[in-house]
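To keep things clear, I will list the structure first and then write my remarks on it.
Taken together, the values in this text are just the output of simple stated rules run on the coordinates, not laboratory data. Computed from a predicted model, the values in this text were never measured in an experiment. All Cβ positions, even for glycine, are placed from backbone atoms using ideal geometry, and neighbour counts span all protein chains on display.
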Amino acid sequence: MYQYLYFTTFSTYLITILFIILIIIIIEQLYKKPTTYSDLPEPPSPKSLPIIGHLHLLGGYEVPYQAFTNLAKKYGNIIKLKLGNVNSVVINGQENIREVLVTKGHHFDSRPNFERYQQLFGGDKQNSLAFCDWSETQRVRREMLKTYTFPRACSNKFSALEDIISHETSQLVTRLANSPRETKNEILYSCANIFSKHFCSKSFAIDHPAFACMIENFDEIFYEVNQGYAADFLPFLLPLHYTRLGKMSELAHDIRNFLIDEVIEGRYDNYVDEEPCDYVESLIQHVKNEESACISWENALFALEDIIGGHSAVGNFLMKLLAYLVTRSEVQTEIQREIDACAGSERRPISISDRGSMPYTEAAILEAIRLIASPIVPRAANQETSINGYRIPKGTLVFLNNYDLSMSEKLWEEPDAFKPERFIVNNHIIKPEHFLPFGGGRRSCMGFKMVQMISFGVVSGLLQNFSIMPVDNECYKIPIGSLALPKSTFQFKFVSR
């Protein structure tokens, strides 16, 4: 009995002591001075030069991101750079990039303050969907777009988009079979009409001069936005680009006039508050709703210009995809085998509903996206923060080395080869975790589904009707690190099957 009382008393003391220790630990944690970011080390950095900083290290490469990959071999995956007067960090490695995009995405949802971007968007980068900082206005604009850029399968909007893509692809096939203009012009026209019909309920004839001018203007601005200039980091060089920027402003003004006169027409003044039928009416409804409006009509017009201008990205990508296919007849043959099996003996036209049954075609599109390695739009830290234990001051420009994720020999077998089968496992599309061509988190690309759906519809339609052959003396070397192509670019022969 005494032994029992001894153990009972001992247990009581032990529990009491443990309880007191627990209380002390909790109190210490509550009152413990938090570790500040200033206590963290800065990322390693190469030796810089006066005025230009580390800009000289980016020379001699096809794209700067190749320099970032080589710098990582010496300095590690997170590198501090001074590019002119801009404090920057380069982020390499999947885990680090995901930390920026997702885990701490709310710390890195601002964009660079390049003066060129300010001037390209009416003097204020916040007018742009892609180059603005995160805000309530941006959140609302993205929410409004989701219905149109991510239509649910079997929904009315998906069916409508499917019909639009099928119709425009059929028209494209007819034009290419009958003495076409330059291929890029034909494809840009089709993409522009798909965007215009889907988002604005308007389509235009191929001989509509103002529509043709709008397409040309958008393509020129798209090419300009995709160029990198030393003046972005050395502002005293900006006057060298004033003439070019002035021309871009004129092109943007002409685009605005076309959209108001030919697309919106009197819809803003005549709008009756009811269920919007398209993106234009969604914008009008939101602007006119005084209780919920956080964007002005001017903001709405910039948003409309941005989303319609997305056709240039899709059209330029399709031209690069065709350039990959034209020199790889075996890939064309495999896509055509898949098309013929899906279309059946009646040779019905392929549509975007067939994507699930045509994994190789889907994989060919993904492989082209991987090889182009278009960079993720740089971020900027909106607060003092850290990445993988390194201090990142507020305002730091953040480059995410997507090129390395797309082209690393550690992540891909034969990364320079065009091998769609790398995305197929058991006849299904499987995208590796390190495949991040459209970014991630709340600043991910809003148009990536449109890219994939339109590319599938157009390429399937072309290869169902043609084999794509090279033109004599045409070079099909594909620029990497950007979607943009010059106005006059690849030519192809479309040989009827």
Task: Shape metrics for the range 352-425, restricted to C-alpha atoms - Rg then Dmax, Å - done: 17.1, 48
- [ ] Report Rg/Rh for the range 281-433, rounded to two decimals, where Rg is the Cα radius of gyration and Rh the Kirkwood radius.
- [x] 1.09
- [ ] Jot down the radius of gyration and Dmax of the range 340-497, Cα atoms only, both in angstrom.
- [x] 19.0, 63
TODO: Name the shape class, rounded, prolate or oblate, that the alpha-carbon gyration tensor gives for the range 78-131, where a ≥ b ≥ c are the square roots of its eigenvalues, rounded holds for a/c under 1.5, and otherwise prolate holds if a/b is larger than b/c and oblate otherwise.
DONE: oblate
Task: 12 Å beta-carbon shell around Y403, net charge (K/R +1, D/E -1) - done: -1
Task: More than 17 Å apart - percent of Cα-Cα pairs taken over the range 404-480 - done: 67 percent
Task: Separation of the A417 and M469 label points, Cα + 7 Å toward Cβ, nm - done: 2.8 nm
Task: Around S201: net Lys/Arg minus Asp/Glu count, Cβ-Cβ under 10 Å - done: +1
- [ ] May I ask you to list the lysines whose Cα is less than 28 Å away from that of K493, ignoring any residue fewer than eight positions away on the same chain?
- [x] K184, K320, K419, K477
Task: Vicinal HN-Hα couplings computed from phi for the range 251-263 (Karplus, 6.51 cos²θ - 1.76 cosθ + 1.60; Hz; Gly/Pro x) - done: 4, 4, 5, 5, 4, 4, 4, 5, 5, 5, 7, 9, 9
Task: FRET efficiency, 1/(1 + (r/R0)^6) with R0 41 Å, evaluated for R442 and I23 via beta carbons - done: 0.55
- [ ] Under a cut-off of 23 Å between alpha-carbon atoms, report the lysines in cross-link reach of K157, not counting same-chain residues fewer than 8 places apart.
- [x] K146, K197, K202, K449
TODO: Excluding H54 itself, calculate the net charge of residues whose Cβ lies under 15 Å from the Cβ of H54, where each Lys or Arg counts +1 and each Asp or Glu counts -1.
DONE: +2
Task: Inter-label distance for K394 and T327, nm, one decimal - labels placed 7 Å from Cα along Cα-to-Cβ - done: 4.9 nm
Open item on the list: Highest mean first, how do 58-71, 152-165 rank when packing is the count of other Cβ atoms within 10 Å averaged over residues?
Closed with: 58-71, 152-165
TODO: List the equivalent ellipsoid semi-axes of the range 35-182 in whole Å, largest first, each obtained as the square root of 5λ for an eigenvalue λ of the Cα gyration tensor.
DONE: 40, 23, 18
Open item on the list: For a quick check: with amide H placed at 1.01 Å from N, whose amide H comes under 5 Å from R379's, ignoring anything fewer than 5 positions away on the same chain?
Closed with: V398, L400
Task: By average C-beta atoms within 10 angstrom, highest first, the peptides 298-307, 387-396 - done: 298-307, 387-396
Task: Taking the chain and dividing mean pair separation by its residue count, relative contact order in percent (alpha carbons under 8 Å, at least six apart) - done: 23 percent
Open item on the list: If each DSSP helix of 4+ residues adds -39,500 (n - 2.57) and the sum is divided by the residues in the chain, what number results at 222 nm, nearest 500 deg cm²/dmol?
Closed with: -15500 deg cm²/dmol
TODO: For a footprinting-style exposure proxy, rank V280, V100 by other Cβ within 10 Å, fewest first.
DONE: V280, V100
TODO: For I392, list long-range residues whose amide hydrogen, built 1.01 Å from N in the peptide plane, is under 5 Å from its own amide hydrogen.
DONE: T385, S386, I387
Task: Projected label distance in nm at R152 and A177, using a 7 Å step from Cα toward the beta-carbon - done: 3.8 nm
